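Asker: This structure is in structure tokens; I'll ask about it shortly.
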Amino acid sequence: IKVSEDRSIEKAKELAESIREKLHNKETDFETLAVEYSEDPSAVSNQGNLGYFTKDQMVKPFAETAFSMNKEGEISEPVKTRFGYHIIRYEGRKPSRYYTYEEVKERLIEQEKMKFRSNLRKEKIEEIRMLDGIEVSQEAITKLSQKDKK
């Protein structure tokens, strides 16, 4: 639940608490409430399920709360982060493990290809910028750099 010009921090907390109360009273399920109330665009497709994550992948208050939970189905109190208020449902924990090279090989290759293409584009843009009589369109550069993120 985000804090915004239209929603004060107090109102955001009140809304988060009312959602938690609905969960506690079993008025509806977590997935339905996530789709209805979450302002995270991914909630429509993931119904609030973030999957497994490591502690360092989340902002500190969220991670501290999530990693202090240990009972399946447990619902947290509203957690305030810089993104707003969150309600966490604990689903379980998987032990961390190392992946074999074969398991990560394709992903690593794809990441390196993307880095290579991005660096090559940057080098070419800089070469062109250095030529006399050339005007560079910032709009074109922005569009080109956005391709790197896809």
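Asker: Any residue in region 94-117 that is of a type in the set (S, T, N, Q) and in a helix (DSSP H, G or I)?
Answerer: Here is the first cut: in region 94-117, the residues of a type in the set (S, T, N, Q) are 96, 100, 111.
With in a helix (DSSP H, G or I) added as a condition, the list becomes 111.
Scanning region 94-117, I find at least one residue that is of a type in the set (S, T, N, Q) and in a helix (DSSP H, G or I), so the answer is yes.
Asker: Here's a follow-up. If a residue has to be touching a Lys or Arg at 6+ places or on another chain (Cβ under 7 Å) and in contact (Cβ under 8 Å) with a residue 40 or more places away in the chain to count, how many in region 34-76 make the cut?
Answerer: 3
Asker: Also, I was wondering about something else. Which of the residues belonging to region 50-82 are within 15 Å of the chain's Cα centre (by Cα), surrounded by 14 or more Cβ atoms within 10 Å (Cβ to Cβ) and in a loop (DSSP other than H, G, I, E, B)?
Answerer: Across region 50-82, the qualifying residues are L50, M58.
Asker: Restricting region 113-130 to residues that are open to solvent by 100 Å² or more (accessible area, probe 1.4 Å) and among the hydrophobic types (A, V, I, L, M, F, W, C), which is farthest from the chain's Cα centre (by Cα)?
Answerer: M130
Asker: Starting from residues that are under 22 Å from R7 (Cβ atoms) and touching a helix residue (DSSP H, G or I) at 6+ places or on another chain (Cβ under 9 Å), keep the ones in region 37-49 and report whichever is surrounded by the fewest Cβ atoms within 10 Å (Cβ to Cβ). Please lay out each step first, then the result.
Answerer: Quick first cut of region 37-49, residues under 22 Å from R7 (Cβ atoms) only: 37-44, 48.
Restricting the remaining residues to those that are touching a helix residue (DSSP H, G or I) at 6+ places or on another chain (Cβ under 9 Å) gives 37-38, 40, 43-44, 48.
Working: Y37: 16, S38: 20, D40: 14, A43: 18, V44: 11, G48: 21.
Checking each candidate, the answer is V44.
The values are calculated or read from the model by the stated rules, or taken from the named source; none is laboratory data. Fair warning: this is a prediction, and the values are worked out from it, not measured in the lab. Glycine gets a Cβ as well: all are built from the backbone with ideal geometry, and neighbour counts include every protein chain shown. To get the accessible areas, we keep the full protein, side chains included, count just its heavy atoms, and leave off ligands, DNA and RNA. Shrake-Rupley method; radii C 1.70, N 1.55, O 1.52, S 1.80 Å.
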